[in-house]
Amino acid sequence: MKNKIKSVKGTYDLLPSEIYKWQEVENKLRSIFSLYNFLEIRTPIFEKSKLFSRSVGEFTDIVNKEMYSFLDKGKESLTLRPELTASVVRSYIEHNFQQISSIHKIWYYGPLFRQEKPQAGRYRQFYQFGSEIFGSAYPESDVELIDLAYTIYTKLGLKNWTLYINTLGKKENRNKYIEILKESLFPYKDKMCANCKNRFDKNILRLFDCKNSNCKKIMNEYAPLIIDHLSNDEKDYFEEVKSLLDQLNINYEIDPTMVRGLDYYTNMIFEIRSENLGSQDALCGGGRYNNLVEDLGGKFTPAVGFAAGMERLMIAMEKENLFKNESEELDIYIAIMNKNVRNKAMQIVKEIRNNGHSVDMDLQRRSVKAMMREANKKRAKYSIVIGENELQSGEVNIKTMESGKAKTVKIDKINDFLSV
Ligand code: HAM
């Protein structure tokens, strides 16, 4: 036997026996996005590497450590997309969306790639669904988006999760706060873990995310919070977001230490975290990013968006037993008795399929008994055996698999029978 080739670390196969659960969720997502009048976009799996360094940020973990980048034959650096906001913004600018309409509500779904350390709920290829609103600088759009995410988890029946919000203020003000943070934490820098020491100069906000107990203690005691350093405008904006959320009965908690791992955010940020997921608990995350379109070469366009991990959602739904234990049923299984009837029987199968009913049949020329076992296994609603007698009389017995009862039906009336 030759050596087997295994899948790549951090990737997984979505098997036929499981995929119905994904399809069920995907269909619900599509219908919720339409309720909110978001339109779908699909962008390429790979982009120029500089798109991500200029948007997500050169000093973020995603760009610094996790991108799958390669040189193509023209020696251009390309990257398997690690997130979708940058791609959507690139497309928005490239196709002059702004000229078509002053507001765009867009959603997406697809695979992403990050070379992170694999663990439960964290993969190297994973799926996200998400959405972005371009063209509104008002809190209504923040809340429309949060409400959309909130509605998705509610409609999917998920119970154990909480919405957290925070604000990072505008870039200029945040830079002032970052200087204050550096000053306050500098005396404790030597006591921090190697990772925090590294991040101190280039990405100090991420110190809030460190899980090391010593670093956590230092942050709790000495780190000033951005929420206490907001301008009046920024405070008012955040208050308006909160008041609209209250109006819609959307429950939230304020997490003043939430910073998110991507550089492009301005003002409101949010995450929904599951209580069932262990350390990788973020079901989704997002926020406002008013400068990104301009930073990537477009005209100033305020924007807000979020993205959500599919795998984490599926794990959380499994834990809450939200899936039925079965895949879709098959309408009818047709057992073809022998080679004398095969041609005619295959015509009948085709005819039934053409009429919109799902049909399966034996492809291994097995015994009728084996075929009937297969019909059961495939959860067929009905079964028919076609042999010489049936073709001669022009009639078949349609057996209801659950009850075992059979009804004689003319071959040209099988479709009518199945349509009732
Ligand atoms: P993010 O927080 O990097 O944000 O990812 C959003 C969600 O994707 C996470 O909350 C998590 O559910 C899922 N996720 C991230 N990494 C992995 C992984 N390695 N394995 C499994 N799931 C993962 C963004 O990507 C931003 N583009 C969100 C956004 C949209 N902000 C504005 N618009």
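At a glance:
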| read-out | value |
| --- | --- |
| The chain: angle of helix 139-155 to the longest principal axis, Cα-based, in degrees nearest 10 | 40 degrees |
| Share antiparallel - DSSP beta bridges, the chain, percent rounded to 5 | 80 percent |
| Region 387-396 - phi-based ³J(HN,Hα) in whole Hz, Karplus 6.51/-1.76/1.60, Gly and Pro as x | x, 4, 4, 5, 5, 5, 7, x, 10, 10 |
| Prolate/oblate/rounded label for region 330-419 (Cα gyration tensor, a/c 1.5) | rounded |
| Greater than 21 Å apart at Cα, pairs in LYS155/LYS319; LYS117/LYS189; LYS50/LYS170 | LYS117/LYS189; LYS50/LYS170 |
| Region 193-335 - percent relative contact order, Cα under 8 Å, separation 6 or more | 14 percent |
| Solitary cysteines of the chain, where the nearest other Cys Cβ is not under 4.7 Å | CYS193, CYS196, CYS284 |
| Extension gain (nm, one decimal) between ALA406 and ASN212, 0.36 nm per residue minus Cα-Cα | 63.1 nm |
| Solvent-accessible area per residue, Å², over region 330-419 with all protein chains present [probe radius 1.4 Å] | 62 Å² |
| For the chain, size of Cβ-based charge dipole, Lys and Arg +1, Asp and Glu -1, in debye | 2160 debye |
| Cα-Cα over 24 Å, subset of LYS159/LYS216; LYS339/LYS399; LYS105/LYS242; LYS75/LYS197; LYS344/LYS410 | LYS159/LYS216; LYS75/LYS197 |
| Cα convex hull volume per residue for the chain (Å³) | 219 Å³ |
| Accessible area of the chain belonging to carbon and sulfur atoms, whole % at 1.4 Å probe | 47 percent |
| Percent of beta bridges antiparallel (DSSP, region 330-419, rounded to nearest 5) | 45 percent |
| 3J(HN,Hα) from dihedral phi, region 113-118, Karplus parametrisation 6.51/-1.76/1.60, rounded to Hz, x for glycine, proline | 9, 9, 8, 9, 6, x |
| Set of aspartates and glutamates near LYS21 by C-alpha distance (under 15 Å), chain-local residues within fewer than 8 positions excluded | ASP13, GLU311, GLU318, GLU320, GLU326, GLU328, GLU329 |
| Segment LEU14-THR154, extension gain: residue separation times 0.36 nm, minus the distance between their alpha carbons | 47.9 nm |
| Packing-based order for 9-20, 176-187, using average beta carbon neighbours within 10 Å, highest first | 176-187, 9-20 |
| Formal net charge of residues neighbouring PHE306 (Cβ-Cβ distance under 14 Å; K, R +1; D, E -1) | -1 |
| Expected 222 nm ellipticity per residue - DSSP helices of 4 or more, -39500 (n - 2.57), all of the chain, to 500 | -11000 deg cm²/dmol |
| Net length gained if the chain between LYS189 and LYS299 were fully extended (0.36 nm per residue, minus Cα distance) | 35.6 nm |
| With Cα atoms, 0 to 90° folded angle of helix 171-185 axis to the chain main axis | 70 degrees |
| Placed amide H near GLU395: partners under 5 Å, 5+ positions off or other chain | ILE411 |
| For ILE352, net neighbour charge (Lys/Arg +1, Asp/Glu -1) across residues whose Cβ lies under 12 Å away | -2 |
| In degrees, nearest ten, helix 85-94 long axis to first principal axis of the chain (Cα) | 90 degrees |
| Region 330-419, relative contact order [Cα under 8 Å, separation at least 6], % | 32 percent |
| Summed side-chain charge close to ILE165 - residues other than ILE165 whose Cβ falls under 10 Å, Lys, Arg +1, Asp, Glu -1 | -3 |
| Cβ-Cβ FRET estimate between ASN338 and LYS4, R0 fixed at 45 Å, reported to 0.05 | 0.75 |
| Amide H within-cut-off set for THR301, under 5 Å, with H built and near neighbours excluded | VAL293, GLU294 |
| Two-site FRET efficiency, LEU225 against GLU76, from Cβ-Cβ distance with R₀ of 45 Å, rounded to 0.05 | 0.60 |
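The values are calculated or read from the model by the stated rules, or taken from the named source; none is laboratory data. Given the structure is predicted, the values throughout are model-derived calculations rather than measurements. Cβ atoms come from the backbone with ideal geometry, glycine included; neighbour counts cover every protein chain shown. Side chains included, ligands, DNA and RNA excluded: accessible areas come from the protein's heavy atoms. Shrake-Rupley method; radii C 1.70, N 1.55, O 1.52, S 1.80 Å.
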